1. Tell me which residues, restricted to the range 1-15, are of a type outside the set (G, A, S), in contact with a helix residue (DSSP H, G or I) (Cβ under 9 Å, 6 or more places away or on another chain) and in a loop (DSSP other than H, G, I, E, B).
2. Kindly indicate which of E38, E4, E13 is of a type in the set (D, E), at pLDDT below 95 and either loosely packed, with under 14 Cβ neighbours inside 10 Å or touching a strand residue (DSSP E or B) at 6+ places or on another chain (Cβ under 7 Å) (or both).
3. Provide a single number: the residues in the range 48-67 that are in a helix (DSSP H, G or I) and either polar (S, T, N, Q) or touching a Pro at 6+ places or on another chain (Cβ under 6 Å) (or both).
4. When the residues of the range 52-69 are filtered to those that are under 12 Å from Q7 (Cα atoms) and without any contact (Cβ under 8 Å) to a residue 60 or more places away in the chain, which remaining residue is surrounded by the fewest Cβ atoms within 10 Å (Cβ to Cβ)?
5. Condition (residue is surrounded by 15 or more Cβ atoms within 10 Å (Cβ to Cβ), under 19 Å from L8 (Cβ atoms), among the charged types (D, E, K, R) and at pLDDT 95 or above) applied to the range 43-50: is it met by at least one residue?
6. Looking at A25, A50, A36, A3, can you tell me which residue is touching a Leu at 6+ places or on another chain (Cβ under 6 Å) and of a type in the set (A, V, I, L, M, F, W, C)?
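The values are calculated or read from the model by the stated rules, or taken from the named source; none is laboratory data. The structure presented is a predicted model; accordingly, all values stated were derived computationally and were not measured. Here the Cβ positions follow ideal geometry from the backbone for every residue, glycine too, while neighbour counts run over all protein chains shown.
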Amino acid sequence: MNAEHLQLLVSREMPFGKYKGRLIADLPGHYLGWFAREGFPEGELGGLLALMYELDHNALRHLLDPLRK
């Protein structure tokens with residue numbers, strides 16, 4: 001995890017699915033959990049979703065608050 005990845009969580013939108021257009025940082029925990037069970041997509045998006053899942057699962061979403069603009 002690095003600062004650049006954290007910044008991407010609050011600026012990158014989900015490109016597909018039920019929550020298309022929603023910031024990755026704003027995806028609901030149950031959706032992130034689904035990816036954790038079924039498998040994250042390949043590439044950068046999968047890495048960001050996995051990171052967001054870890055933050056959500058460990059109740060650390062508040063760490064993103066200072067990064068929001």
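1. Quick first cut of the range 1-15, residues of a type outside the set (G, A, S) only: 1-2, 4-10, 12-15.
Of the ones still in play, those that are also in contact with a helix residue (DSSP H, G or I) (Cβ under 9 Å, 6 or more places away or on another chain) are 1, 5-10, 12-15.
Those that are of a type outside the set (G, A, S), in contact with a helix residue (DSSP H, G or I) (Cβ under 9 Å, 6 or more places away or on another chain) and in a loop (DSSP other than H, G, I, E, B): M1, V10, R12, M14, P15.
2. Numbers: E38 fails: at pLDDT below 95; E13 fails: at pLDDT below 95.
Unique residue meeting the criteria: E4.
3. So in the range 48-67, the residues in a helix (DSSP H, G or I) come out as 48-57, 61-67.
Among the residues that remain, those that are also either polar (S, T, N, Q) or touching a Pro at 6+ places or on another chain (Cβ under 6 Å) (or both) are: none.
Summing the residues that are in a helix (DSSP H, G or I) and either polar (S, T, N, Q) or touching a Pro at 6+ places or on another chain (Cβ under 6 Å) (or both) in the range 48-67 gives 0.
4. Step one: of the range 52-69, the residues under 12 Å from Q7 (Cα atoms) are 52, 63-69.
Okay, now just the ones that are also without any contact (Cβ under 8 Å) to a residue 60 or more places away in the chain, so 52, 63-66, 68-69.
On the way: M52: 26, L63: 13, L64: 18, D65: 9, P66: 8, R68: 12, K69: 5.
Step by step, filter the range 52-69, then rank; the result is K69.
5. Checking the range 43-50: not a single residue is surrounded by 15 or more Cβ atoms within 10 Å (Cβ to Cβ), under 19 Å from L8 (Cβ atoms), among the charged types (D, E, K, R) and at pLDDT 95 or above.
6. Numbers: A50 fails: touching a Leu at 6+ places or on another chain (Cβ under 6 Å); A36 fails: touching a Leu at 6+ places or on another chain (Cβ under 6 Å); A3 fails: touching a Leu at 6+ places or on another chain (Cβ under 6 Å).
When all the criteria are applied, what remains is A25.
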